[in-house]
Amino acid sequence: VAGAATVKIAADNAANVAELSAAAYAAGVTLGVLVEMDIGMGRAGVRSLEAALDLARDITRAPGLRFRGLLGYEGHIVDLPAFDERAREAHTSLAKLGEARRAIEGAGIPVECVSAGGTGTYAITSRLSDLTEVEVGSYVFMDAAYTQIEGMERFESALTVLATVTSRPSGEVVIVDAGLKNMGGEYGTARLLDWPEARCAFVSEEHARFDFPDEPGLRIGDRVRVVPPHCCTTSNLHDRFYAVRDGAIEAIWPIEARGRSQ
Ligand SMILES: Cc1ncc(COP(=O)(O)O)c(C=O)c1O
(Lines give C-alpha, C1' and ligand atoms only; values in the text may rest on other atoms or scores of the structure.)
Protein backbone atom coordinates (compact mmCIF):
# COMPACT_ATOMS: atom_id res chain seq x y z
CA VAL A 1 0.00 0.00 0.00
CA ALA A 2 2.83 2.38 0.88
CA GLY A 3 4.11 2.00 -2.69
CA ALA A 4 0.89 3.47 -4.08
CA ALA A 5 -0.32 5.87 -1.38
CA THR A 6 0.93 7.97 1.49
CA VAL A 7 0.55 5.81 4.55
CA LYS A 8 0.87 6.82 8.20
CA ILE A 9 1.12 4.12 10.86
CA ALA A 10 0.96 4.64 14.60
CA ALA A 11 3.49 2.85 16.81
CA ASP A 12 4.11 2.93 20.55
CA ASN A 13 7.12 0.71 21.10
CA ALA A 14 10.63 0.17 19.78
CA ALA A 15 10.11 -3.49 18.81
CA ASN A 16 7.20 -2.50 16.58
CA VAL A 17 9.28 0.27 15.01
CA ALA A 18 12.08 -2.22 14.27
CA GLU A 19 9.57 -4.61 12.58
CA LEU A 20 8.04 -1.81 10.52
CA SER A 21 11.50 -0.66 9.49
CA ALA A 22 12.57 -4.15 8.38
CA ALA A 23 9.35 -4.65 6.38
CA ALA A 24 9.49 -1.21 4.73
CA TYR A 25 13.17 -1.60 3.89
CA ALA A 26 12.59 -5.08 2.38
CA ALA A 27 9.67 -3.76 0.29
CA GLY A 28 11.67 -0.74 -0.88
CA VAL A 29 9.11 1.79 0.41
CA THR A 30 9.10 4.59 2.96
CA LEU A 31 6.47 4.36 5.69
CA GLY A 32 5.31 7.40 7.63
CA VAL A 33 5.17 6.66 11.36
CA LEU A 34 3.41 8.54 14.14
CA VAL A 35 4.23 8.06 17.79
CA GLU A 36 1.01 7.04 19.51
CA MET A 37 0.56 8.65 22.91
CA ASP A 38 -1.93 7.67 25.59
CA ILE A 39 -3.83 10.85 26.46
CA GLY A 40 -6.14 9.35 29.07
CA MET A 41 -7.96 6.43 27.50
CA GLY A 42 -5.48 3.92 28.91
CA ARG A 43 -5.32 1.89 25.71
CA ALA A 44 -2.29 1.89 23.37
CA GLY A 45 0.25 4.69 23.43
CA VAL A 46 3.44 5.72 25.20
CA ARG A 47 2.78 6.94 28.73
CA SER A 48 5.31 9.79 29.07
CA LEU A 49 6.97 12.65 27.20
CA GLU A 50 10.35 10.94 27.58
CA ALA A 51 9.04 7.74 26.00
CA ALA A 52 7.50 9.76 23.13
CA LEU A 53 10.80 11.53 22.51
CA ASP A 54 12.84 8.29 22.66
CA LEU A 55 10.52 6.61 20.17
CA ALA A 56 10.58 9.63 17.83
CA ARG A 57 14.39 9.39 17.86
CA ASP A 58 14.23 5.63 17.10
CA ILE A 59 11.95 6.29 14.13
CA THR A 60 14.15 9.02 12.67
CA ARG A 61 17.10 6.58 12.74
CA ALA A 62 15.20 3.58 11.30
CA PRO A 63 15.75 2.74 7.60
CA GLY A 64 12.55 2.77 5.55
CA LEU A 65 10.67 4.94 8.06
CA ARG A 66 9.93 8.63 8.20
CA PHE A 67 8.86 10.22 11.48
CA ARG A 68 5.69 12.19 10.74
CA GLY A 69 4.41 13.22 14.17
CA LEU A 70 2.06 12.24 16.98
CA LEU A 71 -1.28 10.50 17.38
CA GLY A 72 -3.58 10.51 20.38
CA TYR A 73 -7.22 9.56 20.83
CA GLU A 74 -9.44 10.88 23.61
CA GLY A 75 -11.75 7.86 23.24
CA HIS A 76 -12.57 7.82 26.97
CA ILE A 77 -14.51 11.09 26.70
CA VAL A 78 -15.74 11.38 23.06
CA ASP A 79 -19.25 10.33 24.05
CA LEU A 80 -19.77 12.33 27.25
CA PRO A 81 -23.37 13.55 26.85
CA ALA A 82 -22.82 17.20 27.94
CA PHE A 83 -20.80 19.23 25.43
CA ASP A 84 -19.14 21.55 27.98
CA GLU A 85 -17.90 18.68 30.11
CA ARG A 86 -16.64 16.91 26.97
CA ALA A 87 -14.79 20.07 25.90
CA ARG A 88 -13.16 20.49 29.34
CA GLU A 89 -11.98 16.88 29.42
CA ALA A 90 -10.78 17.01 25.80
CA HIS A 91 -8.66 20.11 26.47
CA THR A 92 -7.02 18.39 29.44
CA SER A 93 -6.25 15.27 27.37
CA LEU A 94 -5.07 17.06 24.27
CA ALA A 95 -2.71 19.33 26.19
CA LYS A 96 -0.48 16.25 26.55
CA LEU A 97 -0.07 16.05 22.78
CA GLY A 98 0.92 19.73 22.64
CA GLU A 99 3.57 19.18 25.33
CA ALA A 100 4.95 16.16 23.45
CA ARG A 101 5.04 18.14 20.23
CA ARG A 102 7.11 20.88 21.87
CA ALA A 103 9.46 18.38 23.52
CA ILE A 104 10.14 16.62 20.20
CA GLU A 105 10.54 19.86 18.24
CA GLY A 106 12.79 21.14 21.04
CA ALA A 107 15.06 18.15 20.36
CA GLY A 108 15.36 19.27 16.73
CA ILE A 109 12.93 16.74 15.21
CA PRO A 110 10.22 18.35 13.03
CA VAL A 111 6.62 17.33 13.82
CA GLU A 112 4.43 17.68 10.74
CA CYS A 113 1.30 15.96 11.97
CA VAL A 114 -0.51 15.92 15.30
CA SER A 115 -3.64 13.81 15.00
CA ALA A 116 -6.48 13.29 17.51
CA GLY A 117 -10.23 13.51 17.89
CA GLY A 118 -13.37 11.51 17.33
CA THR A 119 -16.81 12.47 16.08
CA GLY A 120 -17.91 13.58 19.55
CA THR A 121 -14.96 15.99 19.88
CA TYR A 122 -14.46 17.14 16.26
CA ALA A 123 -15.67 20.67 17.06
CA ILE A 124 -13.27 20.91 20.02
CA THR A 125 -10.21 19.16 18.64
CA SER A 126 -10.27 20.94 15.29
CA ARG A 127 -9.94 24.35 17.00
CA LEU A 128 -6.71 23.57 18.84
CA SER A 129 -3.64 25.11 17.25
CA ASP A 130 -1.36 22.20 18.19
CA LEU A 131 -3.45 19.76 16.14
CA THR A 132 -3.18 19.30 12.39
CA GLU A 133 -5.52 16.36 11.77
CA VAL A 134 -8.87 15.16 13.11
CA GLU A 135 -9.23 11.37 12.89
CA VAL A 136 -13.03 11.11 12.75
CA GLY A 137 -15.14 8.39 11.17
CA SER A 138 -18.60 7.91 12.68
CA TYR A 139 -19.99 11.31 11.59
CA VAL A 140 -20.47 9.83 8.11
CA PHE A 141 -23.12 7.45 9.45
CA MET A 142 -24.20 8.92 12.79
CA ASP A 143 -25.24 5.89 14.74
CA ALA A 144 -27.79 5.93 17.54
CA ALA A 145 -25.08 6.25 20.22
CA TYR A 146 -23.71 9.47 18.75
CA THR A 147 -27.12 11.02 18.03
CA GLN A 148 -27.83 10.75 21.77
CA ILE A 149 -25.11 13.22 22.82
CA GLU A 150 -25.17 17.02 22.72
CA GLY A 151 -23.61 18.89 19.79
CA MET A 152 -24.14 16.33 17.01
CA GLU A 153 -27.31 17.93 15.62
CA ARG A 154 -25.82 18.93 12.28
CA PHE A 155 -25.23 15.31 11.27
CA GLU A 156 -28.11 13.08 10.18
CA SER A 157 -28.19 9.31 10.48
CA ALA A 158 -27.21 7.85 7.10
CA LEU A 159 -26.77 4.20 8.08
CA THR A 160 -29.82 2.05 8.71
CA VAL A 161 -30.53 -1.66 8.80
CA LEU A 162 -33.67 -2.49 6.83
CA ALA A 163 -35.78 -4.72 9.06
CA THR A 164 -39.14 -6.41 8.80
CA VAL A 165 -41.88 -6.33 11.43
CA THR A 166 -42.17 -9.98 12.44
CA SER A 167 -44.51 -9.79 15.44
CA ARG A 168 -47.15 -7.45 16.89
CA PRO A 169 -47.87 -9.04 20.27
CA SER A 170 -49.85 -6.01 21.48
CA GLY A 171 -50.98 -2.62 20.19
CA GLU A 172 -47.94 -0.56 21.16
CA VAL A 173 -45.26 -3.24 20.84
CA VAL A 174 -43.43 -3.90 17.57
CA ILE A 175 -40.90 -6.72 17.13
CA VAL A 176 -38.52 -6.52 14.16
CA ASP A 177 -35.92 -8.92 12.80
CA ALA A 178 -32.90 -6.68 13.44
CA GLY A 179 -30.70 -7.88 16.30
CA LEU A 180 -27.13 -8.29 17.46
CA LYS A 181 -26.38 -10.56 14.48
CA ASN A 182 -26.77 -7.58 12.13
CA MET A 183 -26.26 -4.54 14.39
CA GLY A 184 -23.33 -3.75 16.70
CA GLY A 185 -24.78 -3.03 20.13
CA GLU A 186 -21.84 -2.09 22.36
CA TYR A 187 -22.95 1.52 22.82
CA GLY A 188 -26.22 3.39 22.46
CA THR A 189 -29.78 2.26 21.93
CA ALA A 190 -31.27 1.45 18.53
CA ARG A 191 -33.79 3.89 17.02
CA LEU A 192 -36.33 3.75 14.22
CA LEU A 193 -35.44 6.40 11.65
CA ASP A 194 -39.04 7.16 10.68
CA TRP A 195 -40.58 6.72 14.13
CA PRO A 196 -38.59 8.89 16.56
CA GLU A 197 -41.24 8.41 19.26
CA ALA A 198 -40.57 4.64 19.45
CA ARG A 199 -38.34 3.51 22.33
CA CYS A 200 -36.12 0.48 21.94
CA ALA A 201 -36.83 -1.78 24.92
CA PHE A 202 -34.04 -4.23 24.04
CA VAL A 203 -32.06 -5.82 21.26
CA SER A 204 -31.45 -9.57 21.39
CA GLU A 205 -29.67 -11.83 18.90
CA GLU A 206 -32.26 -11.76 16.10
CA HIS A 207 -34.89 -9.35 17.38
CA ALA A 208 -35.41 -5.83 18.62
CA ARG A 209 -38.46 -4.64 20.52
CA PHE A 210 -39.79 -1.12 20.03
CA ASP A 211 -42.45 0.35 22.32
CA PHE A 212 -44.66 3.09 20.87
CA PRO A 213 -46.67 5.61 22.88
CA ASP A 214 -49.71 4.78 20.71
CA GLU A 215 -50.71 2.09 18.25
CA PRO A 216 -48.44 2.90 15.25
CA GLY A 217 -50.38 1.19 12.48
CA LEU A 218 -47.46 -1.09 11.61
CA ARG A 219 -48.32 -4.58 10.40
CA ILE A 220 -46.41 -7.83 10.18
CA GLY A 221 -44.33 -7.71 7.00
CA ASP A 222 -43.89 -3.90 7.01
CA ARG A 223 -40.32 -2.65 6.54
CA VAL A 224 -38.73 -0.23 9.01
CA ARG A 225 -35.32 1.47 8.95
CA VAL A 226 -33.43 0.83 12.18
CA VAL A 227 -30.58 3.17 13.15
CA PRO A 228 -28.08 0.76 14.70
CA PRO A 229 -26.62 1.48 18.14
CA HIS A 230 -22.99 1.44 16.89
CA CYS A 231 -22.06 1.99 13.22
CA CYS A 232 -18.49 0.65 13.28
CA THR A 233 -19.30 -2.89 14.38
CA THR A 234 -22.53 -2.87 12.34
CA SER A 235 -20.52 -2.28 9.14
CA ASN A 236 -18.33 -5.26 10.01
CA LEU A 237 -21.40 -7.53 10.01
CA HIS A 238 -22.43 -6.85 6.40
CA ASP A 239 -20.96 -7.58 2.97
CA ARG A 240 -22.23 -4.44 1.23
CA PHE A 241 -23.83 -1.04 1.66
CA TYR A 242 -26.88 -0.21 -0.42
CA ALA A 243 -26.63 3.49 -1.26
CA VAL A 244 -30.18 4.80 -1.48
CA ARG A 245 -31.43 8.18 -2.70
CA ASP A 246 -35.13 9.09 -2.88
CA GLY A 247 -36.11 5.48 -2.28
CA ALA A 248 -34.02 4.05 -5.15
CA ILE A 249 -30.77 2.08 -4.86
CA GLU A 250 -28.12 4.12 -6.66
CA ALA A 251 -25.05 2.04 -5.91
CA ILE A 252 -23.92 -1.05 -4.06
CA TRP A 253 -20.62 -0.65 -2.26
CA PRO A 254 -18.78 -3.77 -1.11
CA ILE A 255 -17.44 -3.59 2.44
CA GLU A 256 -14.06 -5.02 1.63
CA ALA A 257 -12.55 -4.94 5.11
CA ARG A 258 -15.57 -6.73 6.59
CA GLY A 259 -14.61 -9.76 8.64
CA ARG A 260 -10.91 -9.34 7.86
CA SER A 261 -9.75 -8.91 11.46
CA GLN A 262 -7.43 -11.81 12.19
C1 LIG B 1 -7.62 5.88 17.37
C2 LIG B 1 -8.99 6.30 16.92
N3 LIG B 1 -9.14 7.51 16.35
C4 LIG B 1 -10.33 7.93 15.90
C5 LIG B 1 -11.47 7.14 16.01
C6 LIG B 1 -12.74 7.65 15.39
O7 LIG B 1 -13.70 7.99 16.19
P8 LIG B 1 -15.21 8.29 15.72
O9 LIG B 1 -15.78 6.99 15.25
O10 LIG B 1 -15.76 8.78 16.97
O11 LIG B 1 -15.21 9.32 14.66
C12 LIG B 1 -11.36 5.88 16.61
C13 LIG B 1 -12.56 5.03 16.75
O14 LIG B 1 -12.61 4.01 17.30
C15 LIG B 1 -10.09 5.44 17.07
O16 LIG B 1 -9.93 4.24 17.64
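The values are calculated or read from the model by the stated rules, or taken from the named source; none is laboratory data. What you are looking at is a predicted structure, and each value in this text was computed from that prediction instead of being measured. Glycine gets a Cβ as well: all are built from the backbone with ideal geometry, and neighbour counts include every protein chain shown. When the accessible area is computed, the model is the full protein with side chains, heavy atoms only, and any ligands, DNA or RNA have been set aside. Shrake-Rupley method; radii C 1.70, N 1.55, O 1.52, S 1.80 Å.
Quick look at the values:
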item	result
Selected residue [modelled with pLDDT under 95 and not aromatic (Phe, Trp, Tyr)] from Thr121, Thr147	Thr147
Close pairs from region 234-252: first open to solvent by 50 Å² or more (accessible area, probe 1.4 Å), partner of a type in the set (S, T, N, Q), Cβ under 6 Å, at least 6 apart	Leu237/Asn182
Which listed residue is within 13 Å of the ligand (Cβ to nearest atom) and buried (at least 23 other Cβ atoms within 10 Å of the Cβ), from Ala116, Ala44, Ala100, Ala123	Ala116
Qualifying residue in region 193-201 (condition: assigned to a loop (DSSP other than H, G, I, E, B), among the acidic types (Asp, Glu) and open to solvent by less than 90 Å² (accessible area, probe 1.4 Å))	yes
Answer from Val17, Val46, Val29 - the residue that is in contact with a strand residue (DSSP E or B) (Cβ under 6 Å, 6 or more places away or on another chain) and without any contact (Cβ under 8 Å) to a residue 40 or more places away in the chain	Val46
Residue count, region 22-40 (criterion: buried (at least 18 other Cβ atoms within 10 Å of the Cβ) and more than 14 Å from Ala56 (Cβ to Cβ))	5
Test set (1) modelled with pLDDT under 95; (2) within 30 Å of Ile124 (Cα to Cα) - Gly171 fails condition number	(2)
Residue in region 68-78 that is over 17 Å from Ala100 (Cα atoms), free of Cβ contacts under 8 Å to residues at least 40 places away in the same chain and surrounded by fewer than 17 Cβ atoms within 10 Å (Cβ to Cβ) present	yes
Qualifying residue in region 161-172 (condition: without any contact (Cβ under 8 Å) to a residue 24 or more places away in the chain and hydroxyl-bearing (Ser, Thr, Tyr))	yes
